[in-house]
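Working notes, structure below.
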There are 2 protein chains.
Amino acid sequence: MTLEFEHGTLTLKAGGRVLFNHHETRPCCFVGIGTAIVKTRKGHADLRDDLDEKIALRAARLQRRNGRECIDFSMSADGPVVLSVEIVPVETGVHLRIQSHDARINRLWWRVPAEADEYVWGCGEQFSYFNLRGRHFPLWTSEPGVGRDKSTHITWQAEIAGGGGGDYYKTYYPQPTFVSSHRYALHAQTTAYADFDFRRAEYHELHFWGVPEQLEFTLADDFATLVERLSTRFGRQPRLPEWLHQGAVLGLKNGRRHADHVLALALEHGVQVSALWCEDWAGVRKTSFGTRLFWDWRWNEERYPDHARWVQALRGAGIRFMGYANPYLCEDGQLFREARELGYLVRDRSGAAQLVDFGEFMCASVDFTNPAAARWFSERILVREMLDQGHDGWMADFGEYLPVDAQLASGADPMLAHNAFPSQWAEVNAHAVASAGKTGEVVFFMRSGYTGVQAHCPMLWAGDQSVDFSRHDGLQTVICAALSAGLVGNAYHHSDIGGYTSLFGNTRTPEVFQRWAEMAAFTPMMRTHEGNRPEQNFQFYQDVDVLRHLARMTRLHVALSPYVRELVEEAAQRGLPLQRPLFLHYADDRSTYDIQDQYLYGESLLVAPVHTVDVRSWHPYLPAGAQWVHLWSGEVFAGGMRVEVRAELGEPPVFVLQGSRWQDYLLSLPASIDR
Amino acid sequence: MTLEFEHGTLTLKAGGRVLFNHHETRPCCFVGIGTAIVKTRKGHADLRDDLDEKIALRAARLQRRNGRECIDFSMSADGPVVLSVEIVPVETGVHLRIQSHDARINRLWWRVPAEADEYVWGCGEQFSYFNLRGRHFPLWTSEPGVGRDKSTHITWQAEIAGGGGGDYYKTYYPQPTFVSSHRYALHAQTTAYADFDFRRAEYHELHFWGVPEQLEFTLADDFATLVERLSTRFGRQPRLPEWLHQGAVLGLKNGRRHADHVLALALEHGVQVSALWCEDWAGVRKTSFGTRLFWDWRWNEERYPDHARWVQALRGAGIRFMGYANPYLCEDGQLFREARELGYLVRDRSGAAQLVDFGEFMCASVDFTNPAAARWFSERILVREMLDQGHDGWMADFGEYLPVDAQLASGADPMLAHNAFPSQWAEVNAHAVASAGKTGEVVFFMRSGYTGVQAHCPMLWAGDQSVDFSRHDGLQTVICAALSAGLVGNAYHHSDIGGYTSLFGNTRTPEVFQRWAEMAAFTPMMRTHEGNRPEQNFQFYQDVDVLRHLARMTRLHVALSPYVRELVEEAAQRGLPLQRPLFLHYADDRSTYDIQDQYLYGESLLVAPVHTVDVRSWHPYLPAGAQWVHLWSGEVFAGGMRVEVRAELGEPPVFVLQGSRWQDYLLSLPASIDR
């Protein structure tokens, strides 16, 4: 690593990469003063900056302090130092530690040298674009919206209905971290609202509503090592439990009788089942919108009579039980009263519990910035009401809604606490599991996230897709989500089979369910969901053909488990995600850099899920430098081009790496599952 | 007027108003450097600023130069002077002459002191909001869009169809001039893109993509005098010709046979006709979109055989002829070839004529920044082809489309030339009329505008509304347009009866036509239009009841002409618009400040057009401090409240000022028109 100051240009280089470049006519750093204007409704945020000043810091003076290189920035050579950047070499790269000397500064722009042909990925879990170049990405945890594409009628209807149609960059899980094709990653240590702008040919502009503590450059010679280092930096997930690979998790939400019935039907048709996931374990309420869950996290005896014995019986049959929780407690529940009495709820400006309207019922969030409240949620709810009563996992929902006018126990500025909340929510869950001694055995899954969620959340799920093949809210978006989240250290990702959101007459077809199940077989958790409107949408248990198709895909999923166990081990050891972008192992083939609807499932499998309606063939791209064996036909293809393969229902386009240790085993699967 | 510098605060006051207020902690002026990113398609512009710097000029030093007060602004007390503002008292107020001392500066923000209860109006011709407070208004001449309301399906469809759905601030005629309820007007002398932001309680922020020459404060004790002064500043229109008051202008576009037929039908049913307006006089072309006009501005013999004799015959019957022109010439026309040979067309960056695709035909605009080209258009086209051949007026269409990558003869920056173009186009038309000695006799009407259009354009028309009652693109928007344009010096305004734009299955009903005609009777030009899709929309000549209703409204229009002549004289003498906001004469009644769907037609009439479907009563607000006589019933109402009146078709809610000189005459009209 070298820091040069020549002809007025200050340059930080590392292994041929220019990480930093400053000249008074091309300053790398700008500071400003602004006021955030934030409008929020139901988890959808509209953020606008009322910007007073944006000032270029043109003058840079190189200093040595505490044995380290330090750059003092000011507006002009004779002006006061506004910002200091300390250059801290670390084993994996270099950190730029930033210190502001003007308390009024609450905006920062940092320009990172770029090249026109550079690719950039990451920024947390992105649903629309894997390659981030050419667009800017506001980073603020929120609902992603329904449709997420201003050109579709559904998006417009969602917008009008007040629910929010969303946009390409909206995500439950943003993270100010990107990976460059120049083999470096840049992470900004901050929870402030940020906007990473990759539209310019010559630089990336990183904008923050606050001054980040530091910018961390991580370097590596290859992408896999880079991802490994990011995983080490952000935290590694525990190994997945063996039981999760033993079949699909069936998502149901209509009481015990319904659960028993669907389970029997599924087993009868040969569906491999690892767990029942009953969202409605704590009960439901009727609203004019429909049936909603009752947000008081205790077993509902009416809906699930004799639940202890039932869960035990399920377990005896090799089937686990999973439930549901979120950070909210409903006003008419017992836990709300307990939390309010203890002073554990997020408060509004008047000091009262901040009630949030979720549609005819009011809730308050537990204030996880209060360590006692966080502990209470872990121990009183997650341990006592759930783990102690038979839960082997749950959906840990929400985390994106912390209002920016909240009053928090820690005194934190809610504009900074908002993005931090998902990771705190993850930690509350992880703490419960750990305190019960069940880390690596119990699996909770989350949709919200931010820097640090990696250390606590064992499994992401992609949230609420539309029940369709739409470009920005359908099946293919969860591939993009898995790949981008995977690059920044999330090894495990999965989604609702068949999607979730059915609005405005858009309902799930058997085909959407089946194509989704084909993909889900090649993810670490295969889980169905009845969707937001179960009665109006197709369910797998309504059709024998679909049941049989699902059964076959679950057999494939289970049959893959020896291979997946190895991937899980690799994830535990190296932090490599199970679902990987093609370039992770084929960096020399730049054609792979823009592919976001295919993935490597470990090094030996390439999965190219069908994501359009009514097709019976598919044209995947196979990376150059290898040969690929089509899983179903055994046909061998040379990499470096698109190929055509049959893609009947039940035969998702999947390829085995020629020459892999796993080749024979994987190619034997088609025969083994057709019994 | 006083300029004070006390306790570090610099304040410019005039008659109790604070025009200017600066302190280093609350600077009034900010400068910046940015790069405009402009995407344009079919007259719809998407402008974004890539802003590098925005710097507060905190230090102000008061100087005296050339006998005038002058303020030197800099970033800090010891920094170089960045901007100087010379304070130039003028008879009607004060001008702040701005000079930048840094050539890189191309952005300016200026904060004008405001109060929370202040109202603001103007900014050219605004269609959605008359009171501008609470919103910001980008000022850039453009297509206004179809629907103009993100919550309507039509807007969304227009957006998707690539035509542009528009938004509340989009207008053909923006102008950086506003009128404050504090009895002052502020005009910025510039043609740069601007954004006037009235969202803040404490100040208005005026933003410019360039440094304006000056900010002009005009003061007056009452609103009427203020408007008079603005009219003097921007230019006054000639008196309207007597012939225009003698009936409606019938808009037709299907050749002579159709014109003859409709005219006969209209006359037969008692419609008073002042002129035939035949858009298609120069011919048409067929495209897949439909029939379009042929943009080669010469009589088309096929469509209008023996036109000279025909026009003469019409004139003999007291009916004038009006045509159509715009700044474009179609590539396959004769005038295009002439203009290209002369080098009079706007060029692209390669130096070739800049062709614009209008949908299966290509056109180029004449370059009015070249005085010879402007003269050529006036004399070769408007005089020789139109005035000399029987035209007594025309629609002077377009003016909003000048591309920002154009190469202009004057060498002007197209970012500055874009907003200037409408006024140049107006001048070309006015020059033709003047050179034929027909000013005040010939009437051309325009939709595009900018500062200065007042001096050249004798009549505005409101452009292309949707054929409906919609809030942001229907009937009521033309009232808002007339009021806002009127405040900044445009005395004459009118619109297409029944609207123009019929898309996505939205078609004109007889009711929309009739309600619109009722309003049009109370405007200086009553003109029909067949719309963009004549065959699919209701036309007045298709229904005897509507013909009779129209006939009655034209009789009312003609019967009003003695009164209107007096208003025309008032406009010529004082520059007061015919259609006036209620507060112009009732400033003490603040309830009138927000009313944008009613107007005073001169001082003696209050018009409250019906603008919703299927109602038979209406609830107008009548200003306090006067009594009002309902035109149709003679019932007298006290002002200061909303009243209920019948509003049958044919009886638009209109009130006569009790005690007006015109009272008896106006109240006699209902009887006189029902013959």
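The values are calculated or read from the model by the stated rules, or taken from the named source; none is laboratory data. All of these numbers come straight from a predicted model, not from anything done at the bench. Methodologically, a virtual Cβ is constructed for each residue, glycine included, from the backbone with ideal geometry; neighbour enumeration extends over all protein chains shown. Ligands, DNA and RNA are stripped out before the accessible areas are found, and what is left, the full protein with its side chains, is counted by its heavy atoms. Shrake-Rupley method; radii C 1.70, N 1.55, O 1.52, S 1.80 Å.
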State yes or no: is A:HIS7 at positive phi and not basic (Lys, Arg)?
yes
Here the residues within segment B:93-134 that are among the basic types (Lys, Arg) and either closer than 24 Å to B:HIS418 by Cα or touching a Cys at 6+ places or on another chain (Cβ under 8 Å) (or both) are B:ARG97, B:ARG104, B:ARG107, B:ARG111
Across segment B:497-518, what is the total count of residues that are open to solvent by 30 Å² or more (accessible area, probe 1.4 Å) and on the phi > 0 side of the Ramachandran plot?
2
Counted residues, segment A:160-194 - those being surrounded by fewer than 21 Cβ atoms within 10 Å (Cβ to Cβ) and either within 14 Å of another protein chain (Cβ to nearest Cβ) or at pLDDT below 95 (or both)
5
Give me the strands (runs of 3 or more DSSP E) completely within segment B:612-674, filtered to those with at least 3 residues that are over 19 Å from B:ILE479 (Cα atoms) and more than 28 Å from the chain's Cα centre (by Cα), ordered by residue number.
B:627-630, B:636-638
For segment B:50-75, give me each residue that is open to solvent by 50 Å² or more (accessible area, probe 1.4 Å), out of contact with any Phe, Trp or Tyr (no Cβ under 9 Å at 6 or more places or on another chain) and within 14 Å of chain A (Cβ to nearest Cβ).
B:MET75
Which listed residue is touching a residue at least 24 places away in the same chain (Cβ under 8 Å) and either more than 14 Å from every other protein chain (Cβ to nearest Cβ) or among the hydroxyl-bearing types (Ser, Thr, Tyr) (or both), from B:PHE198, B:PHE208:
B:PHE208
Here are some conditions: (1) open to solvent by 10 Å² or more (accessible area, probe 1.4 Å); (2) of a type outside the set (Gly, Ala, Ser); (3) within 14 Å of chain B (Cβ to nearest Cβ). A:GLU86 meets all but one. Which one does it not meet?
(3)
Inside segment A:430-482, can you point out the residues that are part of a helix (DSSP H, G or I) and open to solvent by less than 30 Å² (accessible area, probe 1.4 Å)?
A:ALA430, A:ALA432, A:VAL433, A:VAL453, A:GLN454, A:THR477, A:VAL478, A:ILE479, A:CYS480, A:ALA481, A:ALA482
Looking at the structure I just gave you, is B:SER100 within 14 Å of another protein chain (Cβ to nearest Cβ), out of contact with any Phe, Trp or Tyr (no Cβ under 7 Å at 6 or more places or on another chain) and among the polar types (S, T, N, Q)?
no
Residues in segment A:524-538 that are in contact with a helix residue (DSSP H, G or I) (Cβ under 8 Å, 6 or more places away or on another chain) and over 29 Å from A:GLY486 (Cβ atoms): how many?
1
If you scan segment B:14-32, which residues turn out to be open to solvent by 40 Å² or more (accessible area, probe 1.4 Å) and within 14 Å of chain A (Cβ to nearest Cβ)?
B:GLU24, B:THR25, B:ARG26
So, of the residues in segment B:318-356 that are under 21 Å from B:ASP392 (Cβ atoms) and among the hydrophobic types (A, V, I, L, M, F, W, C), which turns out to be nearest to the chain's Cα centre (by Cα)?
B:ALA325
Expected output for segment B:627-655 (first residue closer than 21 Å to B:ASP594 by Cα, partner open to solvent by 10 Å² or more (accessible area, probe 1.4 Å) and of a type in the set (Lys, Arg), Cβ below 9 Å, 6+ apart or cross-chain) is B:PRO653/B:ARG646
Any idea which of A:VAL607, A:VAL645, A:VAL558, A:VAL564 is open to solvent by less than 50 Å² (accessible area, probe 1.4 Å) and either more than 25 Å from A:TYR492 (Cβ to Cβ) or at pLDDT below 95 (or both)?
A:VAL645
All but one of (1) more than 30 Å from B:GLU143 (Cβ to Cβ); (2) open to solvent by 40 Å² or more (accessible area, probe 1.4 Å) hold for B:LYS39; state the number of the condition that does not hold.
(1)
It is to be established whether one or more residues within segment A:527-544 are under 24 Å from A:GLY235 (Cα atoms) and either out of contact with any Cys (no Cβ under 8 Å at 6 or more places or on another chain) or open to solvent by less than 10 Å² (accessible area, probe 1.4 Å) (or both).
no
Being assigned to a helix (DSSP H, G or I) and hydrophobic (A, V, I, L, M, F, W, C) narrows it down to one residue among A:ALA185, A:ALA224; which is it?
A:ALA224
Does B:HIS136 fit the bill of being in contact (Cβ under 8 Å) with a residue 40 or more places away in the chain, of a type outside the set (Lys, Arg), farther than 15 Å from B:PRO176 by Cα and within 14 Å of chain A (Cβ to nearest Cβ)?
no
Please enumerate the residues belonging to segment B:147-159 that are touching a helix residue (DSSP H, G or I) at 6+ places or on another chain (Cβ under 9 Å) and away from every other protein chain (no Cβ under 11 Å).
B:GLY147, B:ARG148
Within segment B:361-386, track down each residue that is of a type outside the set (Gly, Ala, Ser), open to solvent by 10 Å² or more (accessible area, probe 1.4 Å) and more than 19 Å from B:ARG447 (Cα to Cα).
B:MET362, B:THR369, B:ASN370, B:PRO371, B:ARG375, B:TRP376, B:GLU379, B:ARG380, B:VAL383, B:ARG384, B:GLU385
Given the residues A:THR11, A:THR2, A:THR40, which is the only one that is closer than 30 Å to A:GLY463 by Cβ and more than 14 Å from every other protein chain (Cβ to nearest Cβ)?
A:THR40
B:VAL211 fails exactly one of the following numbered conditions: (1) under 30 Å from B:ASP468 (Cβ atoms); (2) open to solvent by 20 Å² or more (accessible area, probe 1.4 Å); (3) in contact with a strand residue (DSSP E or B) (Cβ under 8 Å, 6 or more places away or on another chain); (4) assigned to a loop (DSSP other than H, G, I, E, B). What is the number of that condition?
(1)
